[in-house]
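The values are calculated or read from the model by the stated rules, or taken from the named source; none is laboratory data. Because the structure is predicted, anything quoted here is derived from the model rather than measured. Quick reminder, even Gly has a Cβ in these numbers, built from the backbone with ideal geometry, and neighbours come from all protein chains shown.
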Amino acid sequence: MSGEERVIIIPCSGIGKAFGSVGREATYVVTEELRPDCTETVCLSLLTLGDEDARRRVQKHPTITIDGCPTACARVNVEQAGAVPAAAFRVFDVFRRHKELRVRSVSDIGEAGEEMARILARDIAAKVDELRKGRR
Amino acid sequence: MPRLPERKVGLIACSGEDLPEGTVSRRAALLVLERLRPSATVTLCLPLFLAGEERERAFARFYPTIAIDGCEKRCAARATEMYSARPAASLVVSDLADSLGLARPQRLRGSDAAGEVLARAVADEVARQVDRLLAGRRETAAARQPNPTGLETEAADAVCTCVSGIPAASVVVGDQTVELIALPAVFALFREEGKSPDDAATANELMQQIKLYNAVAAEDENALREAVADEYACFWAQTAPAIGQ
């Protein structure tokens, strides 16, 4: 697969909120397990600082953001970098559908948090497939 | 009235998603926030400097800040200085690994053995810097004592300044972000009193409290009530004990 066909996944990685950790975990489930050949991530902090390479990557490739709280740092920072996210996921939306899943903490999301991340990751993987199909 | 925040040290980790040392920076910050110096530290999500408002950008002006970076690009240190104020101390994971002769981590996701050893070494160094910055402030004996494992004490939750510390928080209402004074304290109080977001009365009670501290236009009240209720449900979910605990 050529680099042009890759999809970028960027979580907020919010360090003060457990949903931030869930978003980060979901990113790695997609990039390392579900769609390792066609997805990658970019350091959000690097993008926040206006790094040229990071900006070029989100402007060139379809980018999916994952946010853990309403401030939507991932989405906002991608937009500030001059890109329009191809999709913007919120961990809270998964929680709305699965209120039985109680995330343990920021540093240890627990089994419920892992499950929430997997559910989110599957949704994202489906979106990745849809985006790639649309570009062929 | 909202309580004024205590003098603490702010930790800003780069949390870089695309390099193992970024994961170590995050792990180290959490070790300090939750285990080593829970009563003396607070954190802020780095991307919030850009996505947030003046309150977030005042972070490093309010707290002496330690930047914890994964690599030589020093995103945490540079962003803190660019958007807030110069960090009081700065630490680069890769540099510390080299200076201590520790192996570099290989995993992005979670920690491998090398990552865990390095995270603890970084956390110990950050804790030393916290003590230096707060010299003169009394710490509990437990917090002052070196903890060889760093993992044997009861963990506290990491404190984020967007939900604690500076007593205000934002909610999104339509396309607008609205900052509400005392919202974290109100949420904490409601959580302590066991007021469930699933209870229809809770949203109205939340609004009554919020209106004590914030001017809310009558025409904005319904939309704000809904946004606050959503945010409280999110807060509730993240602070509720895990099932089976």
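Rundown of residues vs (1) over 22 Å from B:Arg27 (Cβ atoms); (2) at pLDDT below 95, yes/no style:
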{"site": "A:Val22", "(1), (2)": "no, no"}
{"site": "A:Val30", "(1), (2)": "no, no"}
{"site": "A:Ile64", "(1), (2)": "yes, no"}
{"site": "A:Asp67", "(1), (2)": "no, no"}
{"site": "A:Glu79", "(1), (2)": "yes, no"}
{"site": "A:Asp123", "(1), (2)": "yes, no"}
{"site": "A:Arg132", "(1), (2)": "yes, yes"}
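Within region A:60-93, the residues that satisfy the criterion of being among the aliphatic types (A, V, I, L, M), without any contact (Cβ under 8 Å) to a residue 40 or more places away in the chain and out of contact with any Gly (no Cβ under 8 Å at 6 or more places or on another chain) are A:Val76, A:Ala83, A:Val84, A:Ala88.
Residue by residue, here is whether (1) touching an Asp or Glu at 6+ places or on another chain (Cβ under 7 Å); (2) at the interface with chain B (Cβ under 10 Å from one of its Cβ atoms) holds:
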residue	(1), (2)
A:Cys12	yes, yes
A:Gly16	no, yes
A:Val29	no, yes
A:Gln59	no, no
A:Ala81	no, yes
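If you go through region B:84-123 and keep only what is in contact with a Lys or Arg (Cβ under 6 Å, 6 or more places away or on another chain), at pLDDT below 90 and away from chain A (no Cβ under 14 Å), you end up with just B:Ala85. In region A:32-42, the qualifying residues are those that are at the interface with chain B (Cβ under 10 Å from one of its Cβ atoms) and under 15 Å from A:Glu114 (Cα atoms), and the one that is surrounded by the fewest Cβ atoms within 10 Å (Cβ to Cβ) is A:Glu33.
A:Val7 meets all of the listed conditions (1) surrounded by 24 or more Cβ atoms within 10 Å (Cβ to Cβ); (2) within 9 Å of another protein chain (Cβ to nearest Cβ) but one, namely (2).
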